[in-house]
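The values are calculated or read from the model by the stated rules, or taken from the named source; none is laboratory data. No experiment lies behind these values; they were computed from the predicted model shown. As a convention, Cβ positions derive from the backbone with ideal geometry for all residues, glycine included, and neighbour counts pool all protein chains shown. Areas reflect the complete protein model, heavy atoms only, side chains present, ligands, DNA and RNA absent. Shrake-Rupley method; radii C 1.70, N 1.55, O 1.52, S 1.80 Å.
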Amino acid sequence: MPLNALFESDLRVVNVGVPSFAEALRQAGAEAVQVDWKPPLPVSEESRRTIARHRARIERANAQALERILSAAPRWVGMGRALDTIPGMHEDLLLHAGPPITWDRMCGPLQGAIIGALLYERRATSVAAARKLAASGKIRFAPCHEHGTTGPMAGVVSPSMPVFIVRNETHGNRAFATMNEGLGKVLRYGAYGPDVIERLRWMERELYPVLRAAIEHLGGIDLKHIMAQALHMGDELHNRNRAGTSLLYRALAPAIVRTCTDTDAAARVLEFINGNDHFFLNLSMPAGKATLDPARGIAGSSVCVVMARNGTDFGVQLAGTGASWFTGPAAVPDALFFPGYTRKDANPDIGDSAITETYGLGGFAIAAAPAIVQFVGGTAADAVGYTQRMYEICAGESRSYQVPSLDFRGTPTGIDAVKVVEKNILPFIDTGVAHRKPGVGQIGAGVLNAPPEPFQRAYEGLAGVLGGKRR
Amino acid sequence: MKRGGLILKGAYFDSVTLMGIGRELSATPGVLDASVVMGTDTNRSILKAAGLMIPAFDGADDMDLLIAVKAKSATLLDQTLARAEAALKKKPAPAASSASRPVATSIETAAQTLPGANLALISVAGTYAAEEARKALETGLHVMLFSDNVSIESEVELKRLAKRKELLLMGPDAGTAIINGVPLAFANVVARGPVGIVAASGTGAQEVSSLVSNHGAGISQLIGVGGRDVKRQVGGIMFLEALKALIADPQTKVIVLVSKPPDPVVLAKIQHAASRTKKPIVCLFLGAPTREGEPHTLEEAAALAAALAQGRSLDSAWAALEQQRADLAPMIDAGAAALPAGGRYVRGLFSGGTFCAEAQVILAPLLGKVYSNAPTGEGMALKDSGKSQGHCFIDFGEDEFTRGRPHPMIDFTLRNERIHREAADPQTALILLDVVLGYGAHADPASELAPAIRDAARKVPVLCSVTGTDRDPQNWAATIDRLRRVGALVAPSNAAACWLAGEILHRRGKKRSR
């Protein structure tokens with residue numbers, strides 16, 4: 001609008017900075033909107049210039065990444081043993097949540113889960129022996145994410161564990177996750193007592209074959225469809241999976257009854273699923289992994305394909321920066337703690353479950369799940385506010401996952417690390433909280449923002465790639 | 001005495017809010033000093049200078065919020081820190097419209113939520129201001145860049161971008177504008193009318209627009225382009241664009257240009273552009289030599305513009321200015337009678353930079369040597385801004401007074417201290433002040449100044465002028481009345497106050513020689 005055209009228009013002002021200026025403008029009869037502005041996260045001047053210079057290219061790459069994410073069609077197609085199913089899995093390998101980490105830096109729950117997995121695999125007969133073996137260097141550790149897999153909380157996957165197989169029908173890639181054990185003392189919270197190990201063995205012995213027969217009988221279940229419905233039913237599919245689990249149960253039950261000749265076993269399996277509101281989480285996570293992986297390797301893209309935590313570090317990977325991890329310290333969530341526990345007992349943020357936020361669910365879809373914000377004493381309006389804020393840092397909106405209270409607007413999808421840095425708005429995650437000691441289990445649930453460092457480093461990393469420097 | 005502090009990681013507040021909280025804390029009995037700042041290098045050096053630094057702040061960075069307190073007791077220290085934390089956590093009540101309009105966290109999204117948005121007013125810290133201005137221009141918004149501490153290189157880059165996009169970029173360090181009758185940032189509520197102003201001077205533009213309005217004429221547009229625009233490096237890019245727009249604007253019949261003397265190359269361009277219109281143009285390049293019939297003060301520029309706007313002759317405007325001087329004779333008498341026995345010097349304490357410059361321009365020829373922390377024309381540089389020498393004019397808007405503090409039009413602490421100090425100085429003959437009203441300025445400057453003026457007026461004449469109108473939130477007439485009641489001599493303009501100061505001192509000279 002040329003200046004002389006401005007003279008002919010009503011003045012409508014965007015105010016960035018001193019709020020009283022906006023108030024004065026309104027008093028004077030002009031329309032004014034206040035920007036809730038924060039300074040950008042600090043990054044090097046050189047990177048800032050590189051990113052600015054390549055802005056058009058980044059945006060094109062992000063559009064491409066977004067399209068791959070939005071067009072994904074995750075479907076649960078089968079089950080298998082980790083060793084035979086997960087690419088690169090071998091007898092001496094244990095997968096874990098989050099970015100790479102060595103035994104000595106692992107938090108309590110992760111060490112506990114490693115111990116439990118070694119006992120379950122019969123690689124050790126005592127906790128002390130398991131610790132010794134874990135520290136010996138004989139056992140290799142690798143992030144789930146580097147093997148097409150996602151694990152909630154500690155996220156430990158060992159060779160004998162059965163896993164869900166999720167296939168992205170659009171792009172043909174596959175993703176994996178173990179079956180959810182339920183709440184309380186469970187391996188993913190670092191528990192390794194006899195009951196924990198026995199449950200894992202039952203899951204392998206009974207749950208796995210029953211589910212495998214059912215899913216083979218059904219020929220697969222469309223997860224995208226279930227998740228889209230679950231959002232309309234009050235789930236955000238990270239911290240609340242009640243609707244997702246119920247919908248899955250409805251799809252599975254007839255097939256289990258038809259394929260499982262042992263009615264007691266069938267009943268035990270159905271009761272187990274029915275008794276665990278989080279059963280579906282271990283499908284919404286690999287669905288996310290299958291959705292996001294095709295966006296990897298798009299040169300120049302600043303869209304996140306991974307946000308994951310190992311209880312010590314928070315790690316991010318971008319579509320445009322190859323296999324590099326960008327990490328920073330994981331924070332303790334703001335949480336409502338179960339009776340008897342306080343913030344002091346809480347372990348820093350842990351688990352691959354932030355994959356849900358990474359593809360537009362979880363904290364990004366919390367407006368669809370107002371029940372969740374009660375965890376931190378929030379209101380339904382807060383939930384809407386959290387989701388609306390996330391649109392500011394995303395490349396786009398989902399075409400399938402919608403928020404009823406926002407007039408069925410698609411959830412904010414495709415976290416753009418450049419926007420995170422420039423707007424200084426950190427991804428919002430709602431999550432379970434583990435006790436910092438192994439084996440105690442979940443002690444609360446809450447919300448937190450991702451730490452800034454991984455995004456600052458990812459920004460620098462992308463600038464390095466774009467600027468032609470090898471990292 | 002106890003000193004302590006708190007770091008809030010990742011909390012961000014704008015500096016005005018923080019300074020407000022800091023001031024509130026400092027006002028608590030028993031609290032010796034308090035400061036709430038973001039942990040930038042500059043701010044930490046300010047804390048150090050104020051004796052508020054604690055070792056914990058050493059590792060802080062730009063993203064950390066620092067609360068520093070000095071108090072009489074440890075209990076009071078803890079209480080004060082807790083109060084600061086509570087004040088910062090208090091969420092502002094949501095605006096009535098917040099439910100329907102999501103909070104925008106960037107200029108781009110704000111422009112989407114406000115359909116037809118056409119201007120961005122940017123007042124974030126200078127380090128970030130250029131980037132925000134660039135985004136606003138890219139979004140297609142005109143920009144008023146209130147922030148200072150933007151490099152001249154960025155200014156040139158932004159102004160070139162703005163020109164390419166046919167957008168206006170006012171600033172950086174643009175304090176004043178009135179667009180379509182709407183005051184932006186520091187501006188007065190003036191009548192609308194045919195006088196268009198282009199200014200490279202904030203308070204100069206406030207004085208001219210207020211006086212034009214008080215003369216019964218009105219303002220079409222007031223475009224403040226920032227003081228550096230007329231320097232060679234910037235080349236008058238926006239001054240020229242604004243002038244061309246006013247020439248083309250059918251609502252504007254008379255144009256006033258206000259600036260310090262532009263660079264000769266820029267001046268030639270301005271003259272060339274001005275020669276292409278039949279609209280009368282009143283030029284005030286404050287401090288540049290003037291010819292017969294040209295204004296050399298803000299007051300004269302305003303009087304001439306008002307006369308042109310009202311179809312009166314310029315001679316009548318000059319005659320009215322003469323008459324005003326004659327009418328001020330009783331004030332000269334009053335001032336001369338109040339002169340202290342030993343005092344010899346004028347001490348001017350200004351919140352507006354242009355007023356400080358105008359004082360030097362007017363009084364240097366009358367008084368001889370004048371000193372200033374912002375010397376202009378014949379003014380000489382003051383050695384120490386904190387210590388007056390000779391006839392001395394202090395601009396409290398200069399960096400040395402505004403680091404970590406609000407503008408002197410909002411925070412009167414330093415100027416009031418100085419009024420007391422100058423009044424107590426036996427060398428002081430009289431004190432000269434400016435008082436600026438309008439949006440952006442303090443809600444009640446007269447009350448802020450009253451105690452200091454009352455104290456000073458017992459010892460020396462205190463002369464001041466009030467820039468503003470009766471439609472300003474503070475009210476011009478009421479402010480003048482209040483200042484008179486505490487003993488100030490209030491002149492109708494800054495130029496008149498300066499002239500009066502010269503006359504009063506001159507009278508004393510005559511008395512002596514008799």
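Before moving on, here are some points about what is shown:
- Of the three principal axes defined by the Cα atoms of the range A:106-187, the extents in descending order read 47, 30, 23 Å.
- Distance between modelled label sites at B:Asp384 and A:Ala5, nm, 7 Å Cα→Cβ extension: 5.8 nm
- Dividing the Cα radius of gyration of chain B by its Kirkwood radius returns 0.98 for Rg/Rh.
- Approximate spin-label separation B:Ser45-B:Asp399, in nm, with each point projected 7 Å along Cα-to-Cβ: 0.9 nm
- Counts of other chain beta carbons within 10 angstrom of each beta carbon in peptide B:176-182 average 5.
- Sequence of A:Glu46, B:Glu207 when ordered by accessible area, the most exposed leading, probe 1.4 angstrom: A:Glu46, B:Glu207
- Computed on the range A:1-64, the Cα convex hull volume stands at 163 Å³ per residue.
- Shown here for the range A:4-108: trypsin sites (Lys or Arg not before Pro) in loop regions (DSSP other than H, G, I, E, B) with at most 13 other Cβ atoms within 10 Å, of which there are none.
- Average accessible area per residue (Å²) across chain A - probe 1.4 Å, nucleic acids and ligands excluded: 36 Å²
- Proportion of all alpha-carbon pairs of the range B:356-514 beyond 25 Å (%): 27 percent
- A straight Cα-to-Cα reach below 17 Å connects B:Lys383 with the lysines B:Lys369, residues fewer than 8 places away in its own chain not being considered.
- With a 1.4 Å probe rolled over the protein heavy atoms of all chains, the accessible area of B:Val189, B:Val212 falls in the order B:Val189, B:Val212, largest first.
- Distance from the alpha carbon centroid of the range B:270-287 to that of the range A:378-408 works out to 54 angstrom.
- Taking chain A as the region of interest, the number of lysine pairs whose Cα atoms are within less than 17 Å, with members eight or more places apart or on different chains, is 5.
- A cut-off under 10 angstrom between Cβ atoms defines the neighbours of A:Asn282, and their net charge, with Lys, Arg +1 and Asp, Glu -1, is 0.
- Measuring r between the beta carbons of B:Ala443 and A:Asp262 and using R0 = 56 Å, the FRET efficiency lands at 0.10.
- Charge tally in the Cβ shell below 13 Å around A:Ser136, where Lys, Arg are +1 and Asp, Glu are -1, A:Ser136 excluded: +3
- Across all directions, the average flat footprint of the convex hull enclosing the Cα atoms of the range B:236-384 is 11.5 nm².
- Near A:Pro99, once Lys and Arg are set to +1 and Asp and Glu to -1 for all other residues with Cβ below 9 Å from its Cβ, the sum equals 0.
- Cα-based Rg of the range B:425-514 normalised by 2.2 N^0.38 Å, two decimals: 1.16
- Anisotropy class of the range A:75-287 from Cα gyration tensor, a/c 1.5 cut: prolate
- Prolate/oblate/rounded label for the range B:399-446 (Cα gyration tensor, a/c 1.5): oblate
- Max-minus-min Cα coordinates of chain A on each principal axis give 82, 47, 47 Å, with the largest extent listed first.
- Lysine pair count for the range B:2-89 with Cα-Cα distance under 23 Å and sequence separation of 8 or more or different chains is 9.
- Taking the DSSP bridge list for the protein assembly as shown and keeping only pairs wholly inside it, about 50 percent are antiparallel.
- In terms of its Cα atoms, the protein assembly as shown spans 125, 64, 48 Å along the principal axes, sorted from long to short.
- Accessible surface ranking for A:Ile355, B:Ile54, 1.4 angstrom probe, highest first: B:Ile54, A:Ile355.
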